[in-house]
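Engineer: Here it is, the structure in full.
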Amino acid sequence: MSLTFSFRMHCFQSNEDIGRERLVLKKTAALVKMYPCCWLILVALIPVTLGTNPGVNVKLTRKGLEYGRQLGLASIQQELKSIKIPDISGTERVFPIGKVQYSLSNLQIVNVGFPQSAVDLVPGTGVRLSISNAFFSLHGDWRVKYLVIIKDSGSFDLNVNGLTITTSIAIRSDETGRPAVSSVGCAASVGSVSIKFHGGASWLYNLFTSFIDKALRDEVAKKLCPLVNNAVSNLNPHLKTLNVLAQVDKYAEIEYSMVSSPTVSSSSIDLNLKGEFYNIGKHQEPPVSPTLFSLPSQNNNMLYMGLSAFTANSAAFVYDKAEVFNLYITDDIIPQSSPIRLNTKSFGIFIPQIAKLYPGLMIKLLVKTVKTPIISFQPNNITIQATGTVTAYAIQPTAILSPLFVLNLGTSVSTQMFVTEMRLAGAVSLNKMDLTLGTSYVGAFQVKSLDKVLRTVLELVVIPKVNAQLAKGYPLPAFGKMKLVNTQLQVLKDYMLIGTDVQFMA
């Protein structure tokens, strides 16, 4: 069910229109007073966020949910082992002895088993966990007093069988943009309790085990749902480890807060994350906005992450603002094996007037972007289009830079992405380069003659520096000590898809 609320603002209204709207408002206010519960329901149905598309989608499949079931059961078993059952005491009349006072103390659980359990997705709500035919064993001490003066004591073993627990777990977004869970319904029952007494007058206890059986069954049943609720609540500290704001390097950080509450369907749980890069300490929105995209219905892996072109372009915006793509190049950083040298003699071969005007000088190049690079995703292909300039200077003996020319530079590079540990990294290679003359300070010359020189500079200096940055990678969304295994990466239209299994390290 969906509700649509429409709000209209009129700059010019007739008296009749105003009268009608006032009447509607009065009726609405009256309804709210009469039926406040209905108003609360309507408020609850309004989405958490309106009109915000995610940059990153994360999908937990049934396979991932099954892994979570195993981890969750281990947590519940630990909780059950630590359950504190209070001492039990009472008075019963036992034929033919009469009134008997008894007590059971030091009750400790020694064994727990969950032979049957299942986890199911509840669309629109969360998860339902069912445990059946569970059992546990307990050891304790008994004391008895009868016929006024006779006292005795010993030990006993208790077996609880046929435990059934069903709980519904709601999933939402908390105030920090992280997922949070809570138990919204729990039912528990105990099938049977059997007791065996040892030592002393054990024969006497065995005469009224039915009384003890009921007392213990009731006590255990009362403890089960609080125990399960506590185990569910204990998941939240782990969920709070989601890296909602992860530092990438000294320039950038990426935000992974949830832009809406999780979406639960019959096949998966989907988290919609912001997935946006920012300059550290300065959250400026890029000129592009995220567009809605959906992950394919794959379920071979536990987890799927869809990283949109918006996320990549927000990174380009951040690094462009930080001027990371602006680079001064001098001859000392050109490999010695290169036949191209950054001096007026080498450049004089292509532009003779440079050698005549500035003989025997070294040259410095400034490569910089003039607008934010554009990153596009197509099936099996990531392309980056960058537009910039190359300015050449002659370095005077006094260190003054004399401008020689400015070239307009357009480049297209292909990108290969890969996952390394919990980071997404990449490498680029030059596809195409276009040069046109912007300004010449040394007279006319053929720009095409510099194609080989500039391509060499890009391939030997600029591309390796870009790749060194990309090789560091940026952090993927993760919880705690999460490890990705069996990871595969696909590039699709407008986003890349990472399919992976996960392991949580102790």
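Engineer: Please work out the Kirkwood hydrodynamic radius for region 405-471, using every pair of different C-alpha atoms, and report it in angstroms with one decimal place.
Structural biologist: Taking the inverse mean of 1/r over all distinct Cα pairs, region 405-471 comes out at 13.7 Å.
Engineer: Continuing with the same structure: Jot down the per residue volume, in cubic angstrom and as a whole number, of the convex hull over the alpha-carbon atoms of region 139-229.
Structural biologist: Working: hull volume 11.3 nm³, N = 91.
Convex hull volume per residue, Cα atoms: 125 Å³.
Engineer: Still on this structure, please answer the following. Could you give me D for region 201-315, from Stokes-Einstein at 4 °C and 1.567 mPa s, where the hydrodynamic radius is the Kirkwood radius over C-alpha pairs? Units µm² s⁻¹, please.
Structural biologist: Values: Rh = 19.1 Å.
Estimated via Stokes-Einstein, D reaches 68 µm²/s.
Engineer: Can I ask one more? Taking a label point 7 Å from the Cα of L489 along the Cα→Cβ vector, which residues of region 468-483 have an amide N closer than 20 Å to it?
Structural biologist: Under cut-off, by backbone N: 468-479, 482-483.
Engineer: Among the listed pairs K63/K84; K145/K196; K321/K452; K274/K432; K452/K472, give every one whose C-alpha distance is greater than 24 Å.
Structural biologist: Numbers: K63/K84 34 Å; K145/K196 19 Å; K321/K452 29 Å; K274/K432 33 Å; K452/K472 30 Å.
K63/K84; K321/K452; K274/K432; K452/K472, as the Cα separations exceed 24 Å there.
Engineer: For a protection proxy built on the mean count of beta-carbon atoms within 10 angstrom, sort 407-418, 266-277, 110-121 highest first, please.
Structural biologist: Result, highest mean first: 266-277, 407-418, 110-121.
Engineer: Which angle from 0 to 90°, rounded to the nearest 10, does the C-alpha axis of helix 36-45 make with the longest principal axis of the chain?
Structural biologist: The angle comes out near 50 degrees.
Engineer: If the convex hull of the alpha-carbon atoms of region 352-506 is projected onto planes in all directions, what is the mean projected area in square nanometres?
Structural biologist: About 12.3 nm², averaged over all directions.
Engineer: Could you check the spin-label model distance between L292 and K151? Points 7 Å from the Cα along Cα→Cβ, value in nm.
Structural biologist: Using points 7 Å along Cα→Cβ, the separation is 7.6 nm.
Engineer: Cα convex hull of region 62-240: how many Å³ per residue?
Structural biologist: That works out to 115 Å³ per residue.
Engineer: Mind ranking 84-94, 445-455, 469-479 by how tightly packed they are, going by the mean number of other C-beta atoms within 10 angstrom, highest first?
Structural biologist: On the way: 84-94: 12.9, 445-455: 15.6, 469-479: 17.2.
My ranking of the peptides, most packed first, is 469-479, 445-455, 84-94.
Engineer: Relative to the present Cα-Cα distance, how much length would full extension add between Q116 and A74 at 0.36 nm per residue of separation? The partial results should precede the final answer.
Structural biologist: On the way: separation 42, 0.36 × 42 = 15.12 nm, distance 1.33 nm.
Value of the extension gain: 13.8 nm.
Engineer: Can you give the Rg/Rh ratio of region 245-504, where Rg is from the C-alpha atoms and Rh is the Kirkwood radius?
Structural biologist: Values: Rg = 22.1 Å, Rh = 20.6 Å.
My calculation of the ratio gives 1.07.
Engineer: Distance in nm between label sites at T209 and S189, each 7 Å beyond Cα in the beta-carbon direction?
Structural biologist: Taking the simple label geometry, T209 and S189 are separated by 2.3 nm.
Engineer: To two decimal places, what compactness ratio does region 318-406 give when its Cα radius of gyration is scaled by 2.2 N^0.38 Å? Can you show the working numbers first?
Structural biologist: Details: Rg = 16.3 Å, N = 89, 2.2 N^0.38 = 12.1 Å.
Dividing the Cα Rg of region 318-406 by 2.2 N^0.38 Å gives 1.35.
Engineer: Write down, largest first, the equivalent ellipsoid semi-axes of region 367-418 in whole Å, where each equals the square root of 5 times an eigenvalue of the alpha-carbon gyration tensor.
Structural biologist: That gives 34, 11, 7 Å for the three semi-axes.
Engineer: How big is region 52-128 by the Kirkwood estimate over distinct Cα pairs, in Å?
Structural biologist: Numbers: mean 1/r = 0.0576 Å⁻¹.
One over the average 1/r among Cα pairs gives 17.4 Å for region 52-128.
Engineer: Tell me, what does the Kirkwood hydrodynamic radius of the chain come to in angstroms if you use every pair of distinct C-alpha atoms?
Structural biologist: One decimal place: 29.3 Å for the Kirkwood radius.
Engineer: To the nearest 0.05, what FRET efficiency results for N230 and S449 with a Förster distance of 51 Å applied to their C-beta separation?
Structural biologist: 0.10
Engineer: Right, next: Run the numbers for E285 and N381: contour at 0.36 nm per residue of separation, minus the present Cα-Cα distance, in nm. Before the final figure, lay out each step's value.
Structural biologist: Details: separation 96, 0.36 × 96 = 34.56 nm, distance 2.62 nm.
Working it through step by step, the gained length comes to 31.9 nm.
Engineer: For n ≥ 4 DSSP H runs only, could you compute -39500 (n - 2.57) per run for the chain, divide by its residues and tell me the 222 nm figure to the nearest 500?
Structural biologist: -7500 deg cm²/dmol
Engineer: Given the options P296, G162, I97, identify the residue whose Cα lies farthest towards the positive end of the charge dipole of the chain (+1 on Cβ of Lys, Arg; -1 on Cβ of Asp, Glu).
Structural biologist: Of the listed residues, the answer is I97.
Engineer: Could you tell me, in Å, what Rg and Dmax come out for the Cα atoms of region 104-153?
Structural biologist: That works out to 20.4, 64 Å for Rg and Dmax.
Engineer: On to the next question. Angle, helix 209-233 long axis vs. longest principal axis of the chain, Cα atoms, 0 to 90°, nearest 10?
Structural biologist: With rounding to tens, the tilt is 10 degrees.
Laboratory data are not the source of any read-out in this text; all were calculated from the coordinates shown. No experiment lies behind these values; they were computed from the predicted model shown. So basically every Cβ, Gly included, is an ideal-geometry build from the backbone, and we count neighbours across all protein chains shown.
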